[in-house]
Amino acid sequence: MKKHTRRDFLKTSAGSAGMIAAAPSLVGAFDAAGTRSFAGSDIVPLGKTGLKVSRLAQGTGFSGGNQSSAHTRMGQKAFSSLLHHSLDEGVTFMDMADLYGSHPYVVKALKEVPRDQVVFLSKLWPRKEEWITPSGGAVREVDRFRKELQTDRIDVCLIHCMLNDQWPTEYERIRDEMSQLKESGAIGAVGVSCHDFGALKVAAEHPWVDVIFARINHKGGREYSCDASAPEVAQVLKTARANGKAVVGMKIFGAGKLVKPEEKDASLSYVFGNDLVDAVTIGMLNQGEVDDTLQRMAHVRTS
């Protein structure tokens, strides 16, 4: 399969989402030999949202909290260099959150990049913390996100870090306001990120959810930052996808615990081989990690 990079996209800078959707990398995600491809730069549908994203997302929240992360702590220059490298390699899906404080860094890094060449995903923190007093809804927060990112639209907005199976009721006002924002075009798709197995099971079935961020790797369990055993999580993700939900896998490398080459390869093969996700997000911190992840994804093969 021909590799599609940011340079390819920028050559067609009149390109809208529709033009990107017609790129050869999307047409089937198969290589020249007819083997299914899981390359990180493949442009693929994000469930039924109508969005097209690179299969690999650039995470911006490794070790994140209190509006800071390892990514933002590296400083703007290094952060911009990292994002430019990811974009040059075809990673056009940007995974952000208010919790990480990454919005200002991303907008500065991408100031020369046409907005329609990247997909913005961010997450709204719903609980009161030292660093934030939420409105209880979503309009105020999303309006701020759009100002921070200098964009009219957040392509995907999630309620961040669901911790129990009562989240649809607990955050009903947030859901209602996000639905209104989706209807107005300020948000493209809505959903949740899950840090609890009960929350994940509800998300897999709930009609409001378009996109789920789910913790999954081949090891599973709390030791590897998953919400249940790998088979248990896998079954729920299969249900979610059967219900038309887009699934983005996170903690693929166990939040930094799966560092051996064979462990990374095993996790990628498990996640893609079992058809559990539409895309994955990985908090790559330098160009070497970007290149290594892309190389490993390019060599994933399933029967």
| request: Taking only the range 116-147 into account, find how many residues are surrounded by 15 or more Cβ atoms within 10 Å (Cβ to Cβ) and under 24 Å from T49 (Cα atoms). | output: 18
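Looking for whichever is of a type in the set (S, T, N, Q) and crowded, with 22+ Cβ neighbours inside 10 Å here; the options are N164, N217. Which one fits?
N217
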| task | State whether the residues of the range 90-98 include one that is under 24 Å from A199 (Cα atoms), out of contact with any Gly (no Cβ under 7 Å at 6 or more places or on another chain), touching a residue at least 40 places away in the same chain (Cβ under 8 Å) and not in a loop (DSSP other than H, G, I, E, B). | result | yes
| Lone unmet requirement of (1) surrounded by 22 or more Cβ atoms within 10 Å (Cβ to Cβ); (2) closer than 26 Å to G50 by Cβ for Y105 | (2)
| Cross-chain or 6+ apart pairs with Cβ under 8 Å, the range 275-302 first and more than 16 Å from N217 (Cβ to Cβ) and of a type in the set (V, I, T), then assigned to a strand (DSSP E or B) and modelled with pLDDT under 95 | T302/R36
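Any residue at all in the range 234-244 that's surrounded by 22 or more Cβ atoms within 10 Å (Cβ to Cβ), of a type outside the set (S, T, N, Q), more than 21 Å from Q58 (Cβ to Cβ) and out of contact with any strand residue (DSSP E or B) (no Cβ under 6 Å at 6 or more places or on another chain)?
Let us first name the residues in the range 234-244 that are surrounded by 22 or more Cβ atoms within 10 Å (Cβ to Cβ), namely 236-237, 240.
Still in the running and of a type outside the set (S, T, N, Q): 236-237, 240.
Among the residues that remain, those that are also more than 21 Å from Q58 (Cβ to Cβ) are: 236-237, 240.
Then drop every residue that is not out of contact with any strand residue (DSSP E or B) (no Cβ under 6 Å at 6 or more places or on another chain), which leaves 236.
Yes: one or more hits.
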| field | the range 70-81, subset touching a residue at least 60 places away in the same chain (Cβ under 8 Å) and closer than 23 Å to F213 by Cα, residue surrounded by the fewest Cβ atoms within 10 Å (Cβ to Cβ) | value | A70
| said: Any residue at all in the range 224-232 that's buried (at least 21 other Cβ atoms within 10 Å of the Cβ), of a type in the set (A, V, I, L, M) and modelled with pLDDT of 95 or more? | reply: no
| query | Which members of the range 172-186 meet the condition of being in contact with a helix residue (DSSP H, G or I) (Cβ under 9 Å, 6 or more places away or on another chain) and either assigned to a helix (DSSP H, G or I) or buried (at least 21 other Cβ atoms within 10 Å of the Cβ) (or both)? | reply | I174, R175, E177, M178, Q180, L181
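The values are calculated or read from the model by the stated rules, or taken from the named source; none is laboratory data. Quick caveat: nothing in here was measured; it's all calculated off a predicted structure. In this analysis, Cβ positions are derived from the backbone assuming ideal geometry, glycine residues included, and neighbour counts consider all displayed protein chains.
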